[in-house]
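The values are calculated or read from the model by the stated rules, or taken from the named source; none is laboratory data. A quick note: this is a predicted structure, and the numbers were derived from the prediction, not measured. Here the Cβ positions follow ideal geometry from the backbone for every residue, glycine too, while neighbour counts run over all protein chains shown.
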Amino acid sequence: MTFSFQYVLQILPLLLLGAEVTFEATLGGMAFALVGGLILAVARMSPSRPLSRAAVAYIEFVRSTPLLIQLFFLFYVLPAFGITMSSLLTGILGLGLHYSTYTAEVYRSGIEGVPRGQWEAAVALNLPPFQTWTRVILPQAIPPIIPVLGNYLIGMFKDTPLLATITVRELLGAALNAAGESFRYLEPISLVGAIFFVLSYPSALLIRRLEVGLAIRRR
């Protein structure tokens, strides 16, 4: 089979629409992961043992099972219990739940990196817990971990092809749909790989520069 640039131009608009869905799933999943990860991190560091152990158990369970199985469970099993969502929403939720367990550990490392004196100062000033977290701890804990969170964002972006297995017409799903109609797989799959590379590699370089910049500022 020869590579047809004419066919590439024909399917490119369809793949760009799929790339738009990929971006939606990535940004939605990452937003969920950032919020959920912070909640899990705070719960894991809670002085309440039941809450802390529950958070640890959840994190270890999710991290020890494949994302694909989790997506299948959300999309194919939950409807049996009366919980039905659109395929895209299911994909966003699946990505968010999965990656929140990883961002939770990143948050925890950042929080543990805040000097103990900052906690003691907050107690001495009689700050309530909410203000202690939002005005003292998190503003110091989050900047150093931004590059790591950025790496997980790229990782999530590259995991979005798994959503094609639950009928989300993201980039890979759009390519497979085009290939199924024409029985030509060379061009669609090659384009998917090229688009992911073109978007992922510059993002990785940008995050690397951000990491170096933050390291210089902390000196």
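Restricting the first member to segment 125-140 and to residues that are at pLDDT 85 or above, and the second to residues that are of a type in the set (S, T, N, Q), the beta-carbon pairs closer than 8 Å and six or more apart or on different chains are 136/118; 137/118; 140/118. Taking segment 126-157 as the range and being over 16 Å from residue 109 (Cβ atoms), surrounded by 17 or more Cβ atoms within 10 Å (Cβ to Cβ) and under 11 Å from the mean Cα position of the chain (by Cα) as the test, the residues that pass are 153, 154, 156, 157.
Within segment 1-45, restricting attention to residues that are in contact with a Lys or Arg (Cβ under 7 Å, 6 or more places away or on another chain) and part of a helix (DSSP H, G or I), the residue that is farthest from residue 168 (Cα to Cα) is 44. For segment 86-97, does any single residue satisfy the condition of being modelled with pLDDT under 90 and either of a type in the set (D, E, K, R) or under 13 Å from residue 34 (Cα atoms) (or both)? Taking every residue of segment 86-97 in turn, none turns out to be modelled with pLDDT under 90 and either of a type in the set (D, E, K, R) or under 13 Å from residue 34 (Cα atoms) (or both).
Do we have any residue at all in segment 115-136 that's within 29 Å of residue 24 (Cβ to Cβ) and basic (Lys, Arg)? Among the residues of segment 115-136, not one is within 29 Å of residue 24 (Cβ to Cβ) and basic (Lys, Arg), which makes the answer no.
Scan segment 44-57 for residues that are in contact (Cβ under 8 Å) with a residue 12 or more places away in the chain and either loosely packed, with under 15 Cβ neighbours inside 10 Å or not basic (Lys, Arg) (or both) and the total you get is 3. Restricting attention to segment 69-104, the residues that are aromatic (Phe, Trp, Tyr) and surrounded by fewer than 19 Cβ atoms within 10 Å (Cβ to Cβ) total 4. With respect to residue 120, determine if the residue is of a type in the set (D, E, K, R) and touching a helix residue (DSSP H, G or I) at 6+ places or on another chain (Cβ under 9 Å). In short, no. Please specify each residue of segment 140-186 satisfying the condition of being under 30 Å from residue 118 (Cα atoms) and out of contact with any helix residue (DSSP H, G or I) (no Cβ under 8 Å at 6 or more places or on another chain). Correct list: empty. Looking at 31, 80, 41, just one residue is without any contact (Cβ under 8 Å) to a residue 40 or more places away in the chain and over 30 Å from residue 190 (Cβ atoms), and that residue is 80. Checking 191, 186 one by one, the residue that is in contact (Cβ under 8 Å) with a residue 40 or more places away in the chain and more than 18 Å from residue 19 (Cβ to Cβ) is 186 and no other.
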